[in-house]
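Contents: one structure, followed by commentary.
Only the coordinates and a few stated rules stand behind these numbers; no lab work does. Note that the coordinates shown come from a computational prediction; the quantities given were computed from them, not determined experimentally. All Cβ positions, even for glycine, are placed from backbone atoms using ideal geometry, and neighbour counts span all protein chains on display.
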Amino acid sequence: MKSKIFTIVALAFVFLISTSVNETQTTQEFQAKAYYFSKSKMDLGNWGARLSEAQKKEVFARMKNRLEKGYVLSFNKEESVFTEEDQLDAISGATDSWGKNFAPGKQYKNVKTNTQLQQQEFYGKKFLVKDVLQPIEWSLESETKKIGNYSCFKATASIPTNDLTWYSFSWDKLRSSSASDSTEVKEVKMTQIEAWYAPQIPVRHGPLDYWGLPGLILEVSADNTTMLCSKIVLNPDEIIEFEAPSKGKEVSKNEYQNIITDKMKEFRNNRMRR
């Protein structure tokens, strides 16, 4: 009962703010940019236990550009474009070309048409991943906190892990997939999501595949990664062009995941034969 009352109050609050925003934006379409940075924890496992503290620091330094990243989310009321900012390796000064094979590419989302287009490049071949937006059943909670100048509300959800990491690959995922093929009932691994959204910015956008809350998502934590908004620019001076990716072989998220999995199996088998 309390949850239902809170949801009604929150939605009413969003409606009032949205009305105010609409009234003050009669001269131009609402546009904005949100800047995010993400941090991931790396578990070195049993291999890491054999390393000295100096060696661990060196490993983390070399992995810094994979564990800490910057992103930009450009959006209006219906569309958003999400891109990663290029970062140089702290030691070599080069970009992480290998890691980009399994990183999210330029992403376009449209909450009105329920569509997502994402540009992916895998070992030199371009793909245009076209699918619906990730279905998320959010649970709106009463807990609040301030992020910058914005009062944010907490929301939680549980999403199949493969649905969140469809553009990436890990040998653990391959091993678990092979093991599940031999059983009748496949266990679906789930990832718990914690998000904080700002009703003061009444759009349903967020970084990566996250969306659907009654306010811009400013912080989201999933598994070992936290993504936090560091700056928001409302109605920037330059007009933002919301251009969806259009190049590459068109596939769905599941089809793309199968393509990179099959290719990595091929790499493994060729190396074993050598």
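Per-structure values
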{"read-out": "Sorted peptide list for 123-134, 194-205, criterion being average Cβ within 10 angstrom, highest first", "value": "194-205, 123-134"}
{"read-out": "Contour excess over end-to-end distance, with Cα ends at GLU143 and GLU29 and 0.36 nm allotted per residue", "value": "37.8 nm"}
{"read-out": "Mean Cβ neighbour count within 10 Å, used as a protection proxy, ranking 208-216, 252-260 highest first", "value": "208-216, 252-260"}
{"read-out": "Separation of the MET272 and ASN76 label points, Cα + 7 Å toward Cβ, nm", "value": "5.2"}
{"read-out": "Pairs from LYS125/LYS145; LYS146/LYS247; LYS33/LYS263; LYS231/LYS263; LYS109/LYS146; LYS33/LYS247 whose Cα-Cα separation, in the structure shown, is over 32 Å", "value": "LYS125/LYS145; LYS146/LYS247; LYS33/LYS263; LYS231/LYS263"}
{"read-out": "Residue exposure sequence - GLU79, GLU29 - by fewest surrounding Cβ within 10 Å", "value": "GLU29, GLU79"}
{"read-out": "Radius 14 Å from Cβ of PRO135, net charge of other residues (Lys, Arg +1; Asp, Glu -1)", "value": "-1"}
